[in-house]
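**Student:** Could you have a look at this structure, given as structure tokens, before my questions?
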Amino acid sequence: MAETPDCPLCSPAAENVLWSDDRCRIIAVDDFDYPGFCRVIWHAHVKEMSDLSWRDRQHVMEVVYAVEAGLRALVSPDRINIASFGNMVPHLHWHVIPRFTDDRHFPEPVWGRQQREPAHRPERTPDPGALTERIRQYLQHPS
């Protein structure tokens, strides 16, 4: 499971890392239309969840759930979308995206057909420090 030099997730140029441990990291994605959009990225270059051990699969999903819980607590979205594709970048990562009924694509996926003009609202952007703290709390004491 060595790094792949041409993989953008193995050798990231610039990331806004909210939290990291020895196995994965959480980054804030800079997306005007989807404030709070995060990715959970596995450090080692693997393509699929089944490439991980049982314990590692459990760990990455706990991190994904922690991001979801933090976002729900801080921005109260109508839904949270969680997805792992890897079609464009075959490196294990999860998208965690707060969704609102008036966002650009709802009820379509964020990569789907646009439904309306964006309704960006600053109050929907979680404070990075507060989100990181919520994630840490959840990982220490899952509820």
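**Student:** So in the range 106-143, with the set limited to residues that are in contact with a helix residue (DSSP H, G or I) (Cβ under 9 Å, 6 or more places away or on another chain) and assigned to a loop (DSSP other than H, G, I, E, B), which one is modelled with the lowest pLDDT?
**Tutor:** If we take residues in the range 106-143 being in contact with a helix residue (DSSP H, G or I) (Cβ under 9 Å, 6 or more places away or on another chain) and assigned to a loop (DSSP other than H, G, I, E, B), then 143 is modelled with the lowest pLDDT.
**Student:** In the range 113-128, how many are under 18 Å from the mean Cα position of the chain (by Cα) and surrounded by fewer than 19 Cβ atoms within 10 Å (Cβ to Cβ)?
**Tutor:** So the answer is 4.
**Student:** Answer yes if at least one residue in the range 45-68 is closer than 14 Å to residue 126 by Cα and loosely packed, with under 15 Cβ neighbours inside 10 Å, and no otherwise.
**Tutor:** Checked the range 45-68: no residue is closer than 14 Å to residue 126 by Cα and loosely packed, with under 15 Cβ neighbours inside 10 Å.
**Student:** Look at the range 1-28 and say how many of its residues are surrounded by 13 or more Cβ atoms within 10 Å (Cβ to Cβ), assigned to a loop (DSSP other than H, G, I, E, B) and free of Cβ contacts under 8 Å to residues at least 40 places away in the same chain.
**Tutor:** Selection size over the range 1-28: 2.
Residue-wise test of (1) in contact (Cβ under 8 Å) with a residue 40 or more places away in the chain; (2) surrounded by 14 or more Cβ atoms within 10 Å (Cβ to Cβ); (3) closer than 28 Å to residue 51 by Cα.
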position	(1), (2), (3)
88	no, no, yes
92	yes, yes, yes
96	yes, yes, yes
103	yes, yes, no
135	yes, yes, yes
139	yes, yes, yes
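**Student:** Sticking with this one: Can you tell which of 41, 82 is crowded, with 18+ Cβ neighbours inside 10 Å, without any contact (Cβ under 8 Å) to a residue 60 or more places away in the chain and either out of contact with any helix residue (DSSP H, G or I) (no Cβ under 8 Å at 6 or more places or on another chain) or in a strand (DSSP E or B) (or both)?
**Tutor:** 41
**Student:** In this structure, does residue 75 turn out to be out of contact with any Gly (no Cβ under 9 Å at 6 or more places or on another chain), crowded, with 18+ Cβ neighbours inside 10 Å and under 16 Å from residue 138 (Cβ atoms)?
**Tutor:** The answer is no for residue 75.
The values are calculated or read from the model by the stated rules, or taken from the named source; none is laboratory data. What you see is a predicted model, and the numbers here were worked out from it, not measured in a lab. Neighbour counts are summed over all protein chains in view; Cβ atoms, including those assigned to glycine, are modelled from backbone coordinates with ideal geometry.
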